[in-house]
1. Bin width 5 Å, alpha-carbon pairs only: give the P(r) of region 1-73 as whole percents, running from 0 to the bin holding the largest distance.
2. Pull up all non-local amide H partners of Ala183: gap of 5 or more, or a different chain, and H-to-H distance under 5 Å with H placed in the peptide plane.
3. If r is the Cβ-Cβ distance from Arg177 to Asp23 and R0 is 35 Å, what FRET efficiency results, to the nearest 0.05?
4. For Ser115, Ser100, which order do you get if you count the other beta carbons within 10 Å of each Cβ and list the fewest first?
5. Restricting things to alpha carbons, tell me how big region 152-247 is in terms of Rg and Dmax, in Å.
6. Could you work out how far the C-alpha centroid of region 1-59 sits from that of region 188-209, in angstrom?
7. Whole-Hz ³J(HN,Hα) for each residue in region 100-115, computed from phi via Karplus 6.51 cos²θ - 1.76 cosθ + 1.60 with θ = phi - 60°, x for glycine and proline: what do you get?
8. Just to confirm a number: summing +1 for Lys and Arg and -1 for Asp and Glu over residues other than Asp219 whose beta-carbon lies under 11 angstrom from that of Asp219, what do you get?
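Coordinate-derived values only; no laboratory data. All figures in this text were calculated on a predicted structure; none of them were measured in a lab. All Cβ positions, even for glycine, are placed from backbone atoms using ideal geometry, and neighbour counts span all protein chains on display.
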Amino acid sequence: MKNILITGASRGIGRATALLAADRGWSVAINYASDAAAARSAAREVEARGSRALTVQGDVTDEAAVAAMFDTALDGLGGLDGVVVNAGVVAPSLPLAEMSLERLQRVFDINVLGSYLTAREAARRMSTDRGGRGGAMVVVSSAAARLGSPNEYVDYAGAKAALDAMTIGLSKELGPRGIRVNAVRPGLIETDIHASGGQPDRAARLGAATPLGRAGSADEVAESIVWLLSDAAAYANGAILDITGGR
Ligand code: NAP
């Protein structure tokens, strides 16, 4: 039995990961920022699969909220074996010259600072040299980190490239402390994130031009995350796995 915490699990890839983890019998702490109804719905679906679920509101850019989120998950589930650093956002497509300071700050705060705060708390709570029981961390990066997302989101692409570097560094820092750290880099995946960037049809439109000729699904990304969390991936550490249909 494993207990895992997923940030941004009320919708999209995080939610699909929660449900697949539940299929494996794992207990899941579902973090969300604002959509409590969506988080409760995800929790009900986890429970319908016979697994334990709890929801925990918390903005990942808020240091105290991140600490409280881990307190809730650890106490509520009875220990933690895995963390998925998933919460992330895009902003409307623009060239860099048009981006405001507020937008740049939000994109870097949620995607980079929020992920570092989550990963730091996982290191504090799960490291075997700090009394934790070790486990696995999976960071949700993006193919944007290597494509650069010109004229759309060079801010987001840079933020995700920071997470690739974080993954490599933490795999070496935390491997000896009992935590494997890996990342997935999804490509064009059908979730609400594209509508939040002003292009609801983006995944379907651009997905058609990828080698597999379609966008991916959140379930297909969840498969890779759950594998990296599982004991089947016991020797994977510092891996960055592209789930892009070959894009
Ligand atoms: P999504 O459907 O828009 O869901 C985003 C999730 O993140 C929601 O649960 C949201 O909570 C949560 N969230 C947003 N800001 C937060 C904050 N400050 N604190 C805590 N939670 C926050 O997105 P998605 O497509 O599943 O994306 C998940 C991850 O995959 C992101 O890191 C994204 O960059 C990455 N990714 C996605 C794609 C893609 O094509 N979809 C491709 C590559 C990478 P609320 O519901 O409460 O708002």
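1. Using 5 Å bins, I get a P(r) of 4, 21, 31, 25, 14, 5, 1 for region 1-73.
2. Amide H neighbours of Ala183: Val139, Ala239, Ile240, Leu241.
3. 0.75
4. Placing the least packed residue first, the sequence is Ser100, Ser115.
5. So, for region 152-247, Rg and Dmax equal 15.0, 44 Å respectively.
6. 23 Å
7. 7, 4, 4, 5, 4, 5, 5, 4, 6, 5, 6, 6, 9, 4, x, 5
8. Neighbourhood net charge equals -3.
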